[in-house]
Amino acid sequence: MRLSACLLCFLSLLLPAQLSGQDRTVRNSAVEASFSPSGAYSITDVATHWTLHGELPQAAEVEITSGSDALGKYQQINASYDNHARTAEIRLYRNRSSVLMLDVHRNEATNSSPFPQFASLPPGLHRLSYSVKAFAKFEFGKLASQGPWLLFDQRRNTMVLSPADNFLVSDLEEAPDGKVTSGIDSQIATLPAGFTHGTLLTFGHGINSTFNAWGAALQKLNRKPAVPNDADVVLEKFGYWTDNGASYYYKFDPSLGYEGTLLAVRDQYKKMGVPIAYLQLDSWWYPKTRGNTLKGGTGDNGAIVYRADPTIFPDGLNAFHKRLGLPMATHARWFSEASPYRREYKMSNNVVIDPRYWNATASYLSDAGVVVYEQDWLDKNARPAVNIAQSKEFLSEMAGAMAARKIGIQYCMALPGYFLASTQFPNLSTIRVSDDRFERARYDEFLYGSALAHAVGLWPWADVFMSDELPNLVLATLSAGPVGVGDALGHIDAANLKRVMRADSVILKPDTPIRPIDATYLADASDARSPMVALTRTDFGPASEYYLIAYPRSGNASSTTVSLDDLGIHGAVYAWNWQDQSGKTIPAGGSITVPFTSGWGYEVLAPINKNGIALLGDTSKIVPLARKRFASVTNNGAVNAVFSFAAGESFVRVSGYSRHKPKIRAQQGTVHNIHYDAATGVFSFSASLESGAHSARVWIQ
């Protein structure tokens, strides 16, 4: 009897329940949704009891169905109305806190009475969204029209609401009376027969974790596989950029010419032991309506054709690529009124949506060694018309043609809708998340933009800076995205750059982009102007290493203190101050004080195992325990680490902490120059390869 009762209780969480009358309810362990034949509906988060209420414009026929989609098995309530011309659907999934709402139009119809339409949002919640402007800058206290909306309380209970499709023409609005609607931009008067618009709602505890759960659901719905942080050469290796803020943005050494300047740049980085692995060509490389590079034009005008400017590359792009001997990334903008493409191809505003153009362009770029295509000015000049079909054609034709030639895509000056739309394109891997020329003034927008990029499966690009700017270099490396500089000849800081990469230019980076911690969201939502604290890690399970950046944003603060609990770290750690190369132990449940040296602080946090040992890694690098150096690490009493080496590298110097003098031995390769400081507990050793090997394995106990 007891077993049967438990079974019935369990099934009640999964199976539909019928309330009084003809009301229908579906529920899982996290969410409950109900629909009434009167047209009233509600969605409730079980944990917080937050409820969203709405009502269709008329009565409906309500039924419960089941099925499966890319998110998994679901139960849904279907409410059919308007003589069966429209259906409102609320879909719940097993073991998920995400709800999908669908507005289905069987016939052509006017764009009115969208579903869902909620009477109000739960009261008293903090608000964060991303503006419908270039780079989708974060805004606390506001709810922008393309989503996503993050709403959270002081206990970090969170809900995220966004469109689930039709991203460039979606409209998420809160009226002055508090009513919330999720539909299609009012500039579109008519919706076609068979049109469906989706809205995604995710509940959870923890601001970052719920944001990520929402993004994971959106990626899964659109069937986008995870993009690794070494997916292409721009992500995997160090490169050189010529965009706005770089030394050779519309400039070059007059004695060398543009081609000669770039070839000299390549040679100088290689000579200094920090070779660039790719070269980015910005908007100066193709002809535009008003002026070109050699005539001193700024290029702030439309392109004529998307081909190399013969005044810059007289032999063409492919010939330059052969001389360069490196893959390239190329910038693109919109097309001017004078472009012959307007007569040759189908256009939408100032962009081409014709597959013939995109196939020809992808072929041209591929032949010239281009591996990443950067579409810029997406906020306005290169934005397609507010049109359901054309907005999809622009992005899908671009992505499809580039994917066929194995060319990755980067978005620049994107609106929030482009971030969300990226979940539809597997070869869209990187996105700019802050204004041109990376510097301290960009840090906040970069970190919050990185949170959005990470949620939807993109890698953030900080933009160009100079190699002698150490804080910029550290933060860009911790982004886990591209790292590139724009130094002038004779001004390369090779010592700094060697902290970023292996000898083969592979970036030593964390596993995920650095992002503000939940406590920073809460402080910023209250406009506390407290120091920024942001975190990322290399994920080796119990051996994971954490990387914490902090900096003041008002007053003359000399440090900030943050608890391990706020960092999501549940054991003791050894905290290594990367700037002054010193460390200290922090007990489980304790706090760390981060000093601001030259206005910023950087701490590496390594878990201390049950035997009192913590592995820091190669502390000469910005990310000491990067996966491209440490192929695997376990930390169960004894530390077991496998080291990867690039061609030409013979050893790596490794550091850590131990309460006692550790025993260090090699299973593969050799260890030597072992040192232990009994006063600080810091140990170090060198690990070397055996002849013909590419990795070494070391035990520390």
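The values are calculated or read from the model by the stated rules, or taken from the named source; none is laboratory data. As the structure is a computational prediction, the values presented were derived from the model and not from experiment. Positions of Cβ are backbone-derived with ideal geometry, glycine not excepted, and every protein chain shown enters the neighbour counts. Side chains are part of the model used for accessible areas, which takes the heavy atoms of the whole protein and leaves out ligands, DNA and RNA. Shrake-Rupley method; radii C 1.70, N 1.55, O 1.52, S 1.80 Å.
At-a-glance table
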quantity	calculated
Ordering of 459-468, 154-163 by burial proxy (mean other Cβ atoms within 10 Å per residue, highest first)	459-468, 154-163
Helix-only CD estimate at 222 nm, as mean residue ellipticity for the chain, using -39500 (n - 2.57) per DSSP H run (n ≥ 4)	-5500 deg cm²/dmol
Under-5 Å amide H pairs with S632, H placed in peptide plane, nonlocal only	V642
Protection-proxy order for peptides 690-697, 36-43, 558-565, 128-135, each taking the mean of Cβ atoms within 10 Å per residue, highest first	128-135, 36-43, 558-565, 690-697
Cα gyration tensor, segment 224-286 - rounded (a/c under 1.5), prolate or oblate	oblate
Relative contact order for the chain, counting Cα pairs under 8 Å that sit 6 or more residues apart, in percent	8
Gain upon complete extension [E61, V305; 0.36 nm per residue less C-alpha separation]	82.3 nm
Approximate spin-label separation D565-I674, in nm, with each point projected 7 Å along Cα-to-Cβ	4.0
Share antiparallel - DSSP beta bridges, the chain, percent rounded to 5	85
Summed residue charge, Cβ within 10 Å of A641's Cβ, Lys/Arg positive, Asp/Glu negative	+2
Karplus 3J(HN,Hα) series, Hz, for segment 93-98 with 6.51 cos²θ - 1.76 cosθ + 1.60 (x for Gly, Pro)	10, 5, 6, 9, 9, 9
Extension reserve of the Q22-D468 stretch, reckoned as 0.36 nm per residue once the Cα distance is removed	153.6 nm
Heavy-atom accessible area per residue - the chain, 1.4 Å, Å²	37
Size of charge dipole - the chain - debye, nearest 20, with Cβ of Lys, Arg +1 and Asp, Glu -1, no other charges	1680
Simple spin-label estimate for H49 and A360 in nanometres, 7 Å along Cα-Cβ	6.5
5 angstrom amide H check on K346, placed H, neighbours 5+ away	I353, D354
³J(HN,Hα), Karplus 6.51/-1.76/1.60, whole Hz, each residue of segment 163-169, x for Gly, Pro	x, 10, 6, 6, 5, 7, 10
Farthest positive-ward along segment 35-174 dipole, Cα basis, beta-carbon charges - from S42, F138, Q58	F138
A494/T110 FRET efficiency (R0 56 Å; Cβ-Cβ; nearest 0.05)	0.30
Mean Cβ neighbour count within 10 Å, used as a protection proxy, ranking 596-608, 306-318 highest first	596-608, 306-318
Most positive-pole-ward Cα, P510, G484, M466, against dipole of segment 386-512 from beta carbon charges	P510
Spin-label model distance (nm) - D315 vs S396, 7 Å beyond Cα toward Cβ	4.2
Surface share of carbon and sulfur [accessible, 1.4 angstrom probe, percent] for the chain	50
Under 5 Å, built H, 5+ apart or other chain: amide partners of S559	F596
Among T680, P176, V265 the positive-end extreme of the charge dipole of the chain (Cβ point charges)	T680
Segment 332-447 - percent relative contact order, Cα under 8 Å, separation 6 or more	24
Relative contact order (percent, whole number), segment 206-332, Cα cutoff 8 Å, 6+ residue spacing	23
